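The structure appears below as structure tokens.
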Amino acid sequence: MRYHKIALLIPVFIMLLCLGAGVDAQDVQKITKEELKAMLGNQDLVIIDLRREPQWASSDKKIKGAIREDPGSVGSWAGKHEKDKTYVLYCA
């Protein structure tokens, strides 16, 4: 499987992640891999890899510093992330 889009934002997950933070679905934007590359190194950036465990484990394409979270258990991890950061969520 090829991964053509590195930075694919998933509005449903971002909406759940930002519950209570005053963020509406229309505030969520998609970005290109070039835009993401320009953001790398920013201390306020958190990259979350939402690929399922088997796809993540077998892939040699991972963004350095990205945190892998289970997309099926958003409720268990969404609250642990700081609300004042910029989040990029991606999957295959």
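Looking only at region 46-78, which residues are more than 14 Å from the chain's Cα centre (by Cα) and within 20 Å of V28 (Cα to Cα)?
The answer is G75, and nothing else.
Residue by residue through region 72-92, note down the ones that are of a type outside the set (K, R) and part of a helix (DSSP H, G or I). Full working, then the answer.
Restricting attention to region 72-92, the residues satisfying the condition of being of a type outside the set (K, R) are 72-79, 81-82, 84, 86-92.
Scanning region 72-92 gives G72, S73, V74, G75, S76, W77, A78, G79.
Does D44 satisfy being at pLDDT 85 or above, surrounded by 10 or more Cβ atoms within 10 Å (Cβ to Cβ) and over 13 Å from Y90 (Cβ atoms)?
Working: at pLDDT 85 or above: yes; surrounded by 10 or more Cβ atoms within 10 Å (Cβ to Cβ): yes; over 13 Å from Y90 (Cβ atoms): yes.
For D44, the condition - at pLDDT 85 or above, surrounded by 10 or more Cβ atoms within 10 Å (Cβ to Cβ) and over 13 Å from Y90 (Cβ atoms) - is met.
Kindly indicate which of R68, R51 is in contact with a Pro (Cβ under 9 Å, 6 or more places away or on another chain) and modelled with pLDDT of 85 or more.
Values: R68 fails: in contact with a Pro (Cβ under 9 Å, 6 or more places away or on another chain).
Of the residues listed, the single one that is in contact with a Pro (Cβ under 9 Å, 6 or more places away or on another chain) and modelled with pLDDT of 85 or more is R51.
Does D60 count as at pLDDT below 85 and either on the phi > 0 side of the Ramachandran plot or among the acidic types (D, E) (or both)? Write out each step before concluding.
Values: at pLDDT below 85: no; either on the phi > 0 side of the Ramachandran plot or among the acidic types (D, E) (or both): yes.
No: the conditions fail for D60.
Return the pairs, sorted by first residue and then second, in which the second residue is part of a helix (DSSP H, G or I) and of a type in the set (V, I, T), the first residue lies in region 27-40 and is farther than 11 Å from Y90 by Cα, the beta carbons are less than 8 Å apart, and the residues are 6+ apart or on different chains.
If the second residue must be part of a helix (DSSP H, G or I) and of a type in the set (V, I, T), the pairs left are V28/I14.
The values are calculated or read from the model by the stated rules, or taken from the named source; none is laboratory data. Computed from a prediction, not measured in an experiment: that's the story for all the values here. Here the Cβ is made from the backbone with ideal geometry for all residues, glycine too, and neighbour counts use every protein chain on show.
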